Every structure is written in structure tokens, then in C-alpha cells.
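Have a look at the structure below, then the notes.
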Amino acid sequence: MGMQEQFKIRTLVVEDEEKIAAGICHKIQSVDVMFEIVGCASNGKEALDKIAELKPHVVFTDIAMPVMDGMELAKEIKNSSPDIIIVIISGYSNFGYAQKAIRYGVFNYLLKPLEEEALQETLFDIKKSLSHFTVHRQRHVIYSPEYRIVPEQGECFLLIELCMGNVIYNLQDEEVWRFYEEQAGTVPWKVIMTELCEEEQEWFVADEHAPNQKMIAIKAKQSDDVAMEEHMKALTALIQEYTELPVTMCGVRHAVLQKDVWDGSKQLRNVIKQRLVIGRNNIFFPDEDGTFRHDLLEIVKMKMNTYIRQYFISTNLENFMNEIQTVFEYMESKHASQESIEKLCLYVLKLLEFSSQEYGQNFLDEMQMRMIRSISISVSEKELFENLMREFRKVNHFMESIYEDKIENRLLDYVSENYLTIESVEQIADEFGYNYAYLSRLFKKKAGVSMNRYITEKKIGLAKQLLKENPNMNLTKISDLCGYNDYRYFSRVFRAETGMTPGEYRE
């Protein structure tokens, strides 16, 4: 089952202006019901007390507050509760603030007024980072024979974070978990590290919370000038002797102190999350931009917002699927990151949700789960986009069923109200903008009889009523009122339906 069915993400909001705090709380809960607001605080000092009491997973905080500001609060949380995720919401777009926030381990820096789209992306990223809370799995560490658990003063390590395959969002998806245990669970890390490292060199390999991710630390002297990229290429080659999965690595260029190992690994893990490209071996360093393009997703989303939203509203499903295909081809040509593809798929589902159509939340949740699963286990870009197109075809079929239900109801209402003035099938086709054969099929599905049969029954039913209620009304007049300009034709139809002529029926 999905992570959202297992627990709520406990959220604390820190803001000194009560109305703004209430607005932030409302926006968070309206965007994602998985986030539960457990409390609010008006300054950093009060927030620390509430953190101790309420044990939140996430803290959203302003910067400028009395007593203790948001930056000082972030620093205190980093030192005392490093697992808590901190998001700053501020009216200051100051780069210096953002740099300071990064030093204090802040997860994201959002600007006021809080935009729903930016908040939605942040909440999605938070859920990915917190997914390990639902998986009770103890971290397993493999040490080299020479490794000393108690470090010496000033010991330094070279760090490598690696991911075999793709980043896993939903760690409770058993299908994804089994896939990676089969594909990556038999890699002999002790054999690989012994071959990679020098004799008697100290190292350890630590599990991450996903079965396909590891953190590797190799002891080094502070003065060592190590060709890390060559080390990482050699490590990739060794790993791929045991698995066909692509390997993405992020490493430090210079050794870090032992006390900074775990914080450093978080930074490396975040780089992989942002930059991993499905189906490709990659080596990244946190201090370089590489070919990672932050603007790619925004370009695609602008296109989506312009065209796909309109396709949803106008129910132009053929163009919708063509546009999805075009966008995927573009993203494949640009080697878009896994994270960009995830966010794009969620963005399309969100457009679908807001398109004023009657889509069930259960269906949207199911499609999100299926798309995230496809993204998690696809082993090449080609396979990924084929899998996603298959999922979007399911979206398309579901949309068609919703649209057809609406068309059926409209069609039945239209024919029921206008059966006396409908002169030709072309009239109905023009009114609805679809060919008559399609409309005829939908009508019969809804009414149980053909459209012509339905109209005839309605007209003859009216004729019977008029004959009973108006014994002196001229039969030609009744024929006209029932939509028949030719009395002789009306009489033939009436007799075929009732076994009598109109005059016989009246008597």
C-alpha cells in the first residue's frame, strides 16, 4: 500500500503573524492531506519547546521573528534533531539567506506569497525523503577487517553515495522492493571493496533505506590528493560485474572529517535524487552543475499548462495523447532527470484533477502509484517512456468513459426535449460535434433502444395522449403537433406502433 495510507506527516508551522500562519496551515493541508498540522509557534524559542513536545517530522518556519529567528531555529534543530526536515517560508529573496539556510541543513527555501505549485513540489519531495519512516529496517554496515570503530582525532574519509537503478519513492511498494532485492541484493560488497581499495586501507559500506542505495566511506589522509572520478569509474565497473542495473554515483573531491560523514552523505544523496537519469551510468560531484538543467521541467510545464489543460477542458483526447507523446520524446532527447519526469507526471495528474471534470480521487491516486512504480523500476529511458505512455493510455481510456457518460446524459436530455423538432441525424451531429454513428452508439447504450426508435415512441406516446385528452381535435392537427407534417405517414407509423389508425384509437 502507499505511504500515504500508513501515517500522517506531523508538521509544525512557525510564524509570528497569526493570519499568515493560519494561511500557511490551510495551504499545506489543502495541497496534501498527508501533512497533519500538529501545532503552531510564534517564534523560534516557542518552536523548540513544541518540537520537544509534539515530535514533528517537518518544520515550516519564517525567518524574521522575535525572540529567536528562523535561521537560529534551523541551526538549533540541526544540532539537536537532525532528522527533522526544515522548510523556510520567507518574504526575503536574499541569496545570502539561502546560502546560510543550506549550511543549516534547510530542505527548501520558499518565498511569500506561497505559490501552490512550489508548495506541492516541496511536499512531494518531503514525502520522498521521509518514506523511510514507514520501513522499519535497521541500517547494516560492512566494515573492512582493519576498520577501527573508535576513530582517531582528525580522521578523514572519502565519501561516495551510489544508487543502482533508480531512486525509489515509495519504499512500501513490495513489487519495487522485490525488484531491487533481486537485481542488487547479491552484490558482494566485501569482495568489491577489497579489490577497489589498497591493502589494509580502512573502509565501510552502509545500507541506505532503499535496497539499491549504499553509502561508502574510505579512510584517507587529509592531505591525500585522490582522483575520485577514477575511483568511482572503477567502482562502477566492479559493481556491474554483478548487476545489469545502471549505477549513479555522487562523491566528494576532498576527504571530510569523520564527524561530518553522515551529514555529507545526505548532501550526496540529495544530488543523486535531483540528477539521476534513468538507464545511464553517471558520476556527479555536489560542487558542479554538470549537464543538469533546472529549466527543463519549467519549459515542459509551461507547454503542458498551455495545451494540455485546454485538451482536458475541451475533451480533445486525441490531441492530449499526441501532446504527451511529444513531451516525452523531448524529455528523452534531453535526458531529463528521474525527478523531472516524476514531477511532470504528477503535474499532468494535477491538471486533470483541476480540469472541472468528475474524476474520482481513487483513480488519480491509483494512477500516481502506478506511474511512480513504472518510473522506479524502468531500466532504460526507452522502457520508461513506453511504460508511462501505457499508463497515460489508461488515463485516456478513463477520461473517455467519463466524457462518454456526460455525452450520453446530455444526448438523452437533448433528444427528450427536442424530439419534435429533430429533422435529421445531421442536426444532432452538428449540435454535439461528433459523427452520428458515434452518437447513435452512445444513445443506444444509455436508452436501451436506437435513437430513431426512441423518437418514434416519444411522438406516438404524445399522439396517444392528445387523442385521449382532445376528442374533437382534428387528426391532421394532432399529426402536426407530434412532428409529422404528412398525415398519411403519421397514420402508417401510428398503426405500426399500436395496431390501429389514429381514428380507431380515439374511438
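Read the figures in this text as sums done on the coordinates, not as results from a lab. Here the structure is a predicted model, which is why all the values come from computation and not from measurement. We place every Cβ from the backbone using ideal geometry, glycine too, and count neighbours over all the protein chains shown.
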For this session: Count the net charge of all other residues whose Cβ sits under 14 Å from the Cβ of G461, scoring Lys and Arg as +1 and Asp and Glu as -1.
Result: +2
Problem set entry | C-alpha long axis of helix 338-353 to longest principal axis of the chain, angle in ° | 30 degrees
Seminar exercise, completed: The extension gain from E36 to K112, computed as 0.36 nm times the residue separation minus the Cα-Cα distance, is 25.2 nm
Exercise. In which sequence would W177, W262 go, from the one with the fewest C-beta neighbours within 10 Å to the one with the most?
Worked result: W262, W177
Seminar exercise, completed: Read-out Cα extents along the principal axes in Å, candidates [x] 164, 76, 43; [y] 85, 61, 49; [z] 114, 58, 36; calculated match is [z]
Problem set entry | Rounded to 10°, Cα long-axis angle of helix 487-498 versus longest principal axis of the chain | 70 degrees
Exercise. In nm, to one decimal, how far is the modelled label at E423 from the one at N474, with both set 7 Å along Cα→Cβ?
Worked result: 2.2 nm
Exercise. How would you rank 414-421, 166-173, 266-273, highest first, on the average number of other Cβ atoms within 10 Å across their residues?
Worked result: 166-173, 266-273, 414-421
Problem set entry | DSSP-defined beta bridges in the chain - what % are antiparallel, rounded to 5 | 50 percent
Seminar exercise, completed: For F179, the net charge from surrounding residues (Cβ-Cβ under 10 Å; K, R +1; D, E -1) works out to -3
For this session: Please give the helix 361-377 orientation as an angle from the longest Cα principal axis of the chain, in degrees from 0 to 90, rounded to the nearest 10.
Result: 40 degrees
Exercise. How much net charge surrounds M500 when only the other residues with a Cβ under 10 Å from the Cβ of M500 are counted, with Lys and Arg +1 and Asp and Glu -1?
Worked result: -1
Exercise. Near K334, which aspartates and glutamates are there with a Cα under 13 Å away, not counting those fewer than 8 places off in the same chain?
Worked result: D295, E381
